[in-house]
Structures are given as C-alpha cells and as structure tokens.
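Student: Below is the structure I would like to discuss, written out as structure tokens.
The values are calculated or read from the model by the stated rules, or taken from the named source; none is laboratory data. Quick caveat: nothing in here was measured; it's all calculated off a predicted structure. For neighbour counting, all protein chains shown are included, and Cβ atoms are generated from backbone atoms with ideal geometry for every residue, glycine included. For accessibility, only protein heavy atoms count, side chains too; no ligands or nucleic acids. Shrake-Rupley method; radii C 1.70, N 1.55, O 1.52, S 1.80 Å.
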Amino acid sequence: MNDLERPAVRKRKATQKTDAISKGFRYLESIQEKDGGWHGDYGGPLFLVPGYVFAHYATGTEISPKVAKGLIRYIESVQNEDGGFGLHIEAKSYMFTSAINYVALRLLGVAKTAPSAKRAREWIRKQPGAVLGAASWGKFWLCVLGLYEYEGINPVLPELWLAPTWLPVHPSLMWCHARVVYLPMSYLYGRRWRVEETPLLAEIRDEIHDRPYATIDWQRARGTVHPNDLYTPHSPVLRAANKVLGLVEQGIQRIPRLQKLRDKALALVLDHIRHEETSTRFVALGPVNKCLDAIACFAAAPGTEHTQRAIAGMNEYLFDGEDGLKMQGYHSSELWDTAFTLQALAASGRGDEFLAMAKKAYAFIDRTQIKEDVDEREKYFRDPTKGGWGFSNEVNGWPVFDCTSDGVKAALAFEHVAAKPMAKERLFDSIDFMLWGQEPSGAWCSYEKRRGHPLLELLNPSEVFGRIMVEYPYVELSASTMAGLVKARDHYGDALGTERLAKIATALSNGERYVRAAQRIDGSWEGSWGVCFTYGTWFGVMGLRACGASPDDPALQQAVEFLLRKQNKDGGWGESYLSCETRDYVQHPDGSQVVMTAWALLALIQAGRPEAQSAIERGVALLEERQLANGDWPKEGIAGVFNRTCMIHYRFYRNYFPLWALALAKS
Ligand code: LAN
C-alpha cells in the first residue's frame with residue numbers, strides 16, 4: 001500500500017461505518033412505537049404459556065380460538081426433536097416443561113393422537129416415573145389441575161407468613177420474585193385448591209402417568225426428580241425442613257383447632273396477593289405469579305371485579321413474536337430497550353439526524369419513571385420505589401437499580417431535545433433511590449436491598465433454578481448504577497448539593513471495592529443476566545471506568561487480556577449459554593455471535609488499552625458484515641439469562657449493542 005492509497009481506504013471504511021450506524025438507527029426508527037418506546041419479543045422460558053392456559057382453564061375463562069391457535073403453534077414450534085420441551089427454547093428436554101406443555105396442548109384442544117402430543121407423551125412416558133419426575137413447580141401446576149396429589153409435593157405453608165418478621169426464615173426476606181411466586185402457591189396449597197374434574201382432565205391424567213393413579217406412592221414422589229430437571233438438589237437442611245413442615249401440616253389437617261390458624265394465614269396471604277395485584281395495576285411482578293395470583297383470587301372470590309381484572313391481566317404478557325404467540329418473561333422490556341437505544345444514539349452523535357425518534361423516546365423515559373411509593377408499603381414488605389424505573393414501563397411499579405440508572409443516563413443524554421425536560425428534582429429522586437440501594441459491600445442487588453441471609457439458598461426448593469431465594473450482589477447492577485451516578489454528578493455538579501455529592505463519592509469508592517473484588521483470576525467477571533463472562537466483563541470494565549480507573553490499571557489490563565484470548569479467528573466473540581450453568585467459559589457451537597461481539601467491543605473500547613486496537617477493528621468488521629440490508633442484524637443464539645439456568649431472548653440486543661459498539665469505535 002502506498003501513501004496515496006491510505007487515506008482513501010480509511011475514508012471508505014469511515015463511510016461504511018457511517019452507513020451501518022445510520023441504517024441501524026433507521027431500522028429502529030421504523031419500528032418505534034407510537035408512545036416512543038420499543039416493544040420486542042421477550043420469550044425463551046418454556047414454563048410460561050402453560051401457566052396462561054392453566055389459569056384460564058382453572059378459572060373457567062375462555063381462550064379465544066385465535067389465541068389458542070397461536071399458542072399451539074408456538075408450543076409446537078419449540079418442541080425438541082426428542083418430543084420433550086426444554087426449560088427454555090435452546091435447552092434439552094426437562095420433565096417439568098414437557099409435562100406442563102403437554103397438558104397445555106391437550107387443554108388447548110390438541111388431540112391425543114396429534115403428532116406433537118403423541119411425541120411429547122412418548123418422551124414423557126419413556127422416562128422413569130414419567131411426570132412424577134417433574135420439578136416442584138411442574139408438580140404444583142399438576143396439583144392445581146387435579147392431575148397429581150398435594151401429598152406428592154413438599155409443604156408450602158401459608159402459616160410462615162404469620163411468623164414474627166425477625167425470624168430468619170420469614171418469607172418477606174426472600175428475593176421478590178421467589179416471594180411473590182410462593183405467596184399464591186401457599187394460598188392454593190393451604191386450601192388444597194384444585195379445579196373441578198372434567199372428562200378431558202381425567203383422560204389427560206391417564207396419559208401422563210405410567211402407572212394406575214391409585215397406585216402412586218405420593219410420599220415417594222415428593223423426592224422424585226428427573227435428572228435433567230435437577231440443577232439445585234435438595235440440601236439436607238431443606239430435607240429436614242420439609243420433614244418438620246410436613247408434620248406441622250399433618251397437625252393442621254387433623255386438629256380442628258388449628259384450622260383457625262390456617263384460616264388466619266390464608267386471609268393474610270390473600271391480602272398480600274391482592275395488594276400485589278392492585279399495586280401493579282393487575283400486571284403483577286412476573287409471569288408466574290401473575291397466573292397463580294389469578295387462580296388464587298378466583299379461588300377466594302370468583303366473579304368479583306378484582307378477580308376479573310386479575311384474570312384479564314394475564315393478557316398483558318402475550319406477544320406475537322418471531323416464533324409465534326407466547327407468554328413473555330415479563331410484561332415487556334420496553335424501558336430497558338428504549339434506554340439502551342438512546343444511549344447508543346447518544347454515543348453515535350446522531351441525535352440530530354434522528355431528532356423525532358429521540359424526542360419520542362425521551363417522552364417515553366419521562367412517562368415511565370415511578371412517581372411514588374407503593375401504598376402501605378411497609379405492611380406489604382415493599383421498599384421505597386419513588387424515583388426508580390422498572391424494566392418494562394411505569395405500570396407494574398417495581399423498580400430495578402440498573403433500569404433506574406439507565407433511565408437516568410438516557411434522560412440526561414437527551415434532555416436538550418425535550419420540549420419540557422424532566423424537573424431536576426425527579427432525577428434527584430432517582431439518584432437518591434440508587435444511593436439508598438447500595439449494599440454495605442459496595443454492590444447493588446436487583447430490585448431490593450438484600451434482606452435474607454444467603455444461607456437461605458439452602459432452602460431453594462425449585463430444583464431447576466439456582467440463586468432464587470434472596471437478593472445477591474451483581475456486577476451488572478453495580479457497574480451500571482455507578483456509571484449512572486457518575487453521569488448525574490458530571491451533569492449536575494454543584495446543583496446536587498454537597499451532601500449528595502459526598503454520598504456519591506463514597507458510593508463510588510465502595511462500589512469500586514466490590515467491583516475489584518468480584519473480578520476473577522482470569523480477568524473476567526461472571527454475568528448473571530446475560531451470557532455470561534462476555535456480558536459480565538463489559539460491566540466490570542464499565543464499573544472500573546466509572547470509579548476512575550485509568551487504562552493502565554492492572555484490572556483493566558487483565559480484563560482486556562481475557563477478552564483478547566476469547567476472540568475468534570473471524571474477529572468476533574461467541575459464548576454459549578452453557579457458561580451460565582457450568583460457570584466456566586463455553587464457546588458458542590455456532591461460532592461468533594453479533595451480541596457477544598458487541599459486548600466484547602464495548603468493553604475493549606471503554607477499557608482504552610492500545611493493544612486491543614486491531615482486535616477492535618476486526619470485531620467491528622464482523623458486525624458490519626453481518627448487518628442485514630434493512631439495518632437489522634440476524635437472529636442468533638440466545639443471550640439473556642436468569643437464575644443460572646433459564647435463558648431469555650432480548651429481541652433488540654442485536655440492534656442497539658452493535659450500534660453502540662460501532663458508534664464508540666468510530667468516535
Ligand atoms: C429480569 C429481566 C431484566 C433483568 C435485568 C434488568 C436485565 C437485570 O440487570 C436485573 C434483573 C432483571 C430485572 C430480571 C430479573 C428476573 C426476571 C424478572 C427477568 C430475567 C425477566 C424474567 C425473570 C423472572 C424471575 C421470570 C419468572 C421466573 C421465576 C423464577 C419467578
């Protein structure tokens with residue numbers, strides 16, 4: 001190459017990047033919702049559609065033929081080759097999800113002889129014990145439908161809610177998601193509630209069991225779990241607790257005086273369920289408690305307006321997406337997607353080119369901030385929420401620390417385009433909310449400050465999930481929140497007041513301690529909400545940069561070395577979801593993935609180390625090559641995760657993360 005050629009080459013490259021970025025945002029602009037947000041598919045877990053179907057069946061609520069058809073198509077499209085169903089769309093077959101998807105298909109009207117039903121049933125009946133091996137949540141659903149007996153599950157006692165709150169096992173200490181799922185479960189368990197038998201249910205009961213129903217040893221079935229369903233085996237502590245609670249339950253069943261206690265516990269639990277429903281405007285915190293709440297409300301008071309609304313709320317979760325009509329993992333991921341799109345746009349410096357889009361998106365951010373605390377929040381064990389942002393929109397009212405931080409970052413980046421910018425007091429509320437949420441360790445958890453001791457994890461009864469019992473510190477949440485505090489500090493400066501500024505400084509230095517301590521020997525961080533070390537390492541780098549680490553900081557150097565070691569020959573990165581289960585980096589079987597390539601690039605660029613330059617260029621080239629003519633990127637492997645084992649699909653990760661990486665690479 002001679003000197004004359006060089007600038008031309010560089011120029012061509014620059015315009016190429018420009019085009020990729022423009023095209024990418026143009027695409028996002030074309031699918032922006034009227035309210036300014038982005039609303040994409042949020043599927044992946046395969047234990048959600050059955051909940052929707054069962055709750056409709058249990059409450060005698062019709063599913064329209066059109067919806068039923070869409071759900072059947074979805075279930076059939078995610079069936080594994082062996083006939084079973086995974087915990088999520090890419091997983092091997094689990095008994096939990098195979099059992100409940102089979103029953104859902106049948107209740108939706110699929111004939112026993114239909115190929116999908118036949119294949120699923122064959123898989124189920126081939127496994128030792130058939131549906132008796134389903135993980136506990138599967139067994140629970142079957143109980144509600146009368147396809148399994150309550151004696152065959154471990155006790156879920158509503159009376160625990162009556163215990164004094166200082167008791168280290170009080171249910172209010174649990175992670176909010178586990179808490180709100182076990183709440184309606186304990187109500188239905190306490191009443192041994194089951195739907196009235198129908199001829200169809202009687203048929204299904206015979207189909208899913210491999211032995212005559214009357215001969216099943218229910219005590220034994222409690223401890224039967226298919227090996228594929230078993231990620232967290234019952235600990236000896238849990239086994240002992242189940243024995244004791246089992247005796248208590250027997251007492252309650254036999255001693256009439258204790259029935260009063262049960263009634264009191266049921267009334268209390270029902271009150272909490274109703275509060276969760278009304279305070280979330282009948283959307284509920286998540287898809288599992290949504291369906292269980294609907295049944296519990298129906299069981300308590302069918303026909304009331306509250307119950308009707310609790311049932312109707314399930315529809316908020318439906319989404320007709322890339323692979324059919326499904327119940328999503330959350331009622332949407334709109335705030336998350338909108339805030340990231342705005343951050344990517346800000347990084348690209350194209351705000352003016354996409355002004356109308358940015359204005360609308362800003363209005364969405366403005367609208368979705370949570371404006372108040374929940375009514376009677378202490379009585380219902382709710383933390384303050386005012387000033388936070390949630391993952392979806394303002395409706396469910398459950399804030400998350402990183403969503404709050406991303407809300408703040410997006411709002412500050414586009415304040416200048418707003419017709420009426422948010423009052424600074426509202427953003428100060430967000431800052432105070434983030435400051436309030438920091439743990440003594442310097443970390444941030446997800447929704448709430450940690451309440452229960454991590455030893456409570458020994459009581460995790462789910463079998464299929466890891467880390468559900470209490471809040472944990474997360475590098476993603478911590479780094480994101482720290483970066484949000486830095487943005488706010490730099491934006492407002494002295495207007496924050498000396499006290500708040502001092503708190504931010506302390507929060508950052510405590511956060512730094514946590515982020516440094518969480519780095520692994522190989523230089524990476526383990527992610528918990530995205531796959532896995534690639535995602536975590538991006539946040540680790542973000543956290544270090546937020547607290548002022550310079551590019552020659554050894555921690556950043558090690559992070560960069562880690563990522564460079566993982567780069568593929570084609571210039572990209574690709575990590576398999578199995579990393580999250582094994583907690584060791586597993587290469588993606590399909591090679592480089594757009595989403596992980598973007599995360600790795602964001603980390604490398606932000607780390608600012610010179611030796612990463614050529615790796616960055618090769619990664620950028622891969623992203624550009626993979627971009628489709630319409631500005632979108634192709635759908636590849638699943639990239640989101642929760643509770644170690646369950647993967648979840650983020651529709652727009654393949655858009656704003658590559659755009660953000662390209663934008664930073666260019667600037
Ligand atoms: C989510 C989705 C968003 C996610 C991030 C904001 C990305 C993360 O940084 C913090 C945790 C959070 C809010 C999160 C927590 C767990 C959720 C709610 C989910 C993965 C979506 C679905 C999942 C929920 C637990 C699914 C229901 C299953 C149970 C085990 C109750």
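Student: Pop a pseudo-label 7 angstrom from the Cα along the beta-carbon direction at both residue 202 and residue 66 and give the gap in nm to one decimal.
Tutor: Calculated label separation equals 3.6 nm.
Student: Carbon and sulfur: what percent of segment 479-617's accessible surface (1.4 Å probe)?
Tutor: Working: 2690 of 5270 Å².
The nonpolar share, carbon plus sulfur, comes to 51 percent.
Student: Taking 0.36 nm per intervening residue step and subtracting the Cα-Cα distance, what contour gain separates residue 564 from residue 322 on full extension? Walk me through the numbers on the way to the answer.
Tutor: Working: separation 242, 0.36 × 242 = 87.12 nm, distance 3.32 nm.
Gain on stretching residue 564 to residue 322: 83.8 nm.
Student: Calculate the FRET efficiency for residue 583 and residue 237 from the Cβ-Cβ distance with a Förster distance of 25 Å, rounded to the nearest 0.05. Don't skip to the end; give the middle numbers.
Tutor: Values: r = 22 Å, r/R0 = 0.89.
Computed FRET efficiency for residue 583 and residue 237: 0.65.
Student: Where does each of 496-502, 634-640, 535-541 land if you order them by average Cβ count within 10 Å, highest first? Don't skip to the end; give the middle numbers.
Tutor: Values: 496-502: 12.9, 634-640: 18.9, 535-541: 29.6.
Top of the packing list down: 535-541, 634-640, 496-502.
Student: Here's another thing I want to ask about it. I'd like to know which of 355, 333, 265 lies farthest towards the positive end of the charge dipole of segment 216-362, counting +1 on Cβ of Lys and Arg and -1 on Cβ of Asp and Glu.
Tutor: Projecting each Cα onto the dipole axis, the largest value belongs to 265.
Student: Tell me, what % of the accessible area of segment 169-210 is carbon and sulfur with a 1.4 angstrom probe? Mind dumping the intermediate values first?
Tutor: Numbers: 740 of 1420 Å².
So the carbon and sulfur contribution to the accessible surface is 52 percent.
Student: Ok, one more. Can you order the peptides 653-659, 264-270, 571-577, 127-133 by their average number of other Cβ atoms within 10 Å per residue, highest first?
Tutor: Numbers: 653-659: 27.7, 264-270: 18.7, 571-577: 24.3, 127-133: 21.1.
Result, highest mean Cβ count within 10 Å first: 653-659, 571-577, 127-133, 264-270.
Student: Grab the Cα-Cα distance for residue 624 and residue 255, subtract it from 0.36 nm times how many residues apart they are, and report the gain in nm with one decimal.
Tutor: Values: separation 369, 0.36 × 369 = 132.84 nm, distance 7.08 nm.
Going from the current span to full extension adds 125.8 nm.
Student: Any idea how far apart residue 423 and residue 353 come out in nm if each label point goes 7 Å out from Cα toward Cβ?
Tutor: So the two model labels end up 3.7 nm from each other.
Student: Assign unit charges at the C-beta atoms only (+1 for Lys and Arg, -1 for Asp and Glu), then state the dipole size of the chain relative to its Cα centre in Debye, rounded to the nearest 20.
Tutor: Numbers: 78 positive and 79 negative charges, 106 e Å.
Roughly 500 debye, rounded to the nearest 20.
Student: Under a plain spin-label model, where a point goes 7 Å from the Cα along Cα-to-Cβ, how far apart in nm are residue 449 and residue 379?
Tutor: Distance between label points: 2.3 nm.
Student: Moving on to the next point. Tell me, what does the Kirkwood hydrodynamic radius of the chain come to in angstroms if you use every pair of distinct C-alpha atoms?
Tutor: On the way: mean 1/r = 0.0385 Å⁻¹.
Kirkwood hydrodynamic radius for the chain: 26.0 Å.
Student: From the Cα trace of segment 308-395, what convex hull volume per residue do you get, rounded to a whole Å³?
Tutor: Working: hull volume 12.4 nm³, N = 88.
Residue-normalised Cα hull volume stands at 141 Å³.
Student: Can you give the local net charge around residue 518? Use residues other than it whose beta-carbon is closer than 14 angstrom to its beta-carbon, Lys and Arg +1, Asp and Glu -1. Mind dumping the intermediate values first?
Tutor: Values: positive: 513, 516, 520, 583; negative: 439, 476, 512, 522, 526.
Overall, the nearby charge balance is -1.
Student: A follow-up question, please. Can you compute the FRET efficiency between residue 111 and residue 498 using 1/(1 + (r/R0)^6), with r the Cβ-Cβ distance and R0 = 60 Å? Round to the nearest 0.05. Don't skip to the answer; put the middle values down first.
Tutor: On the way: r = 72 Å, r/R0 = 1.20.
So the FRET efficiency works out to roughly 0.25.
Student: Right, next: Per the helix-only calculation at 222 nm, which mean residue ellipticity applies to the chain, given -39500 (n - 2.57) for every DSSP H run of n ≥ 4 and division by its residues, nearest 500 deg cm²/dmol? All intermediate terms of the calculation are to be shown ahead of the outcome.
Tutor: Values: 25 runs with 348 residues, N = 667.
For the chain, the value works out to -17000 deg cm²/dmol.
Student: While we're here: What's the angle, to the nearest 10 degrees (0 to 90), between helix 653-666's Cα axis and the longest principal axis of the chain?
Tutor: 20 degrees
Student: Which aspartates and glutamates have a Cα less than 13 Å from the Cα of residue 126, not counting those fewer than 8 places away in the same chain?
Tutor: 82, 207, 210
Student: Can I ask one more? How charged is the neighbourhood of residue 272? Take every other residue with its Cβ under 14 Å from the Cβ of residue 272, and add Lys/Arg as +1 and Asp/Glu as -1.
Tutor: Details: positive: 179, 264, 274, 377, 379, 382; negative: 159, 271, 276, 277, 293, 375, 376, 378.
It works out to a net charge of -2.
Student: Next up: Could you compute the net charge surrounding residue 350? Neighbours are other residues with a C-beta less than 11 Å from the C-beta of residue 350; K and R count +1, D and E count -1. Please report the intermediate quantities before stating the final value.
Tutor: Details: positive: 26, 666; negative: 29, 352, 353.
So the environment of residue 350 carries a net charge of -1.
Student: Now for a separate question. Order of 544-556, 340-352 by packing, highest average Cβ count within 10 Å first?
Tutor: Working: 544-556: 16.9, 340-352: 20.8.
Top of the packing list down: 340-352, 544-556.
Student: Can you give the Rg and Dmax of segment 409-489 based on its C-alpha atoms, in angstrom?
Tutor: 16.6, 52
Student: Next question. Considering only protein heavy atoms, what per residue accessible area in square angstrom results for the chain with a 1.4 angstrom probe? Mind showing how you got there, number by number?
Tutor: On the way: 25280 Å² over 667 residues.
Per-residue accessible area for the chain comes out at 38 Å².
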